[in-house]
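The values are calculated or read from the model by the stated rules, or taken from the named source; none is laboratory data. Because the structure is predicted, anything quoted here is derived from the model rather than measured. Here the Cβ is made from the backbone with ideal geometry for all residues, glycine too, and neighbour counts use every protein chain on show. Accessible surface areas use protein heavy atoms only, side chains included; no ligands, DNA or RNA. Shrake-Rupley method; radii C 1.70, N 1.55, O 1.52, S 1.80 Å.
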Amino acid sequence: DSNLSKREYWRKRYNWDKQVKMDWLVDADEVSQNLEPKIQQLRKKTGEVCLNILDLGCGTSDVPSVLLKRCKTPVIIYCVDYSEGALQWQKGLLEDLDQKHGNLLSNYRLVMADVCQLPFKNNFFHVVIDKGTTDSLLKSKDGHQMAVSCMKDVHRVLHPLGNLWQITDEDPDIRLLFLQSIQDEANLKYSSSFEVLLSDDINDYFLYTIKEDSLDKP
Ligand SMILES: C[S@@+](CC[C@H](N)C(=O)[O-])C[C@H]1O[C@@H](n2cnc3c(N)ncnc32)[C@H](O)[C@@H]1O
């Protein structure tokens, strides 16, 4: 559905859909169970006190609040979306947590921005989580170009030791080719791998891990 790549669609949707909150593809508990140990390992690897995490196109997902509540590793979670309704929703969820964070140092920020023009410094994020957002960019007629410019900017803000995690139902045959083609077109270097995050009767849901090639970062 090409609507999924249009800002106006999301603006309206978060306006009329106020009661219906949803997590795309995989629920937040599943995601956080899988990612928490990986985040902990990443903290050891980087040696940082606190990790900056970007939720790219956070929507009304519970991923930021569940991670903030459960994650023992200190994290600052940046919820980024271009829809004000989504950020208002996140504000409610995150305020309701009442600072009962998994770590006292953990916190969150809400940022209204386009995922293709991220208002952050180079190398700032140790983790970028993209659950369904690249998928929605790809629905547009010029989706490939949008996804390329998003990946370029994600690459720019990602720490040399950082990970981008894409959660999608797109088959590895297609997604790995797509990730390879972006490398070639945008002149980026990274390695990609995947695992099955969840299977149900209808679909497999994948977690793709994209790692910077740190030698290649400016
Ligand atoms: C398919 S939803 C996924 C939401 C959430 N990550 C989840 O798992 O439930 C895509 C989200 O990305 C946001 N989005 C789409 N294109 C965007 C863009 N160019 N810049 C910022 N946000 C965008 C939409 O507003 C929407 O909230």
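Values for this structure:
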item: Computed accessible area, D173, all protein chains, 1.4 angstrom probe, square angstrom; result: 120 Å²
item: Two-decimal Rg to Rh for the range 3-95 - Kirkwood Rh, Cα set; result: 1.01
item: Volume per residue of the C-alpha convex hull in the chain, rounded to whole Å³; result: 117 Å³
item: Heavy atoms of F194: accessible area, 1.4 Å probe, square angstrom to 10; result: 100 Å²
item: Local electrostatic count at V80 - Lys and Arg +1, Asp and Glu -1, tallied over other residues with Cβ under 13 Å; result: -4
item: Charged-residue dipole, Cβ positions (Lys, Arg, Asp, Glu), the range 83-189 about Cα centre, Debye nearest 20; result: 400 debye
item: Dipole of the range 151-218, positive end: most advanced residue of Y205, V154, L176 [Cβ charges, Cα centre]; result: V154
item: Solvent accessible area, Å² - M146, 1.4 Å probe, full protein context; result: 50 Å²
item: Helix runs (DSSP H) in the chain reaching 15 Å along axis by Cα, Kyte-Doolittle at least -0.5; result: 143-157, 172-186
item: Charged-residue dipole, Cβ positions (Lys, Arg, Asp, Glu), the range 17-75 about Cα centre, Debye nearest 20; result: 360 debye
item: Long-range tail of P(r) for the range 43-153 (Cα pairs > 24 Å, %); result: 26 percent
item: Value at 222 nm in deg cm²/dmol, rounded to 500, when DSSP H runs of n ≥ 4 in the chain each add -39,500 (n - 2.57); result: -12000 deg cm²/dmol
item: Cut-off 12 Å between beta-carbons: net charge of the residues surrounding T209, Lys and Arg +1, Asp and Glu -1; result: 0
item: The range 13-66: translational diffusion in µm²/s, Stokes-Einstein, Kirkwood Rh over Cα pairs, 25 °C, 0.890 mPa s; result: 190 µm²/s
item: Environment charge at R7 (Cβ cut-off 11 Å; Lys +1, Arg +1, Asp -1, Glu -1); result: 0
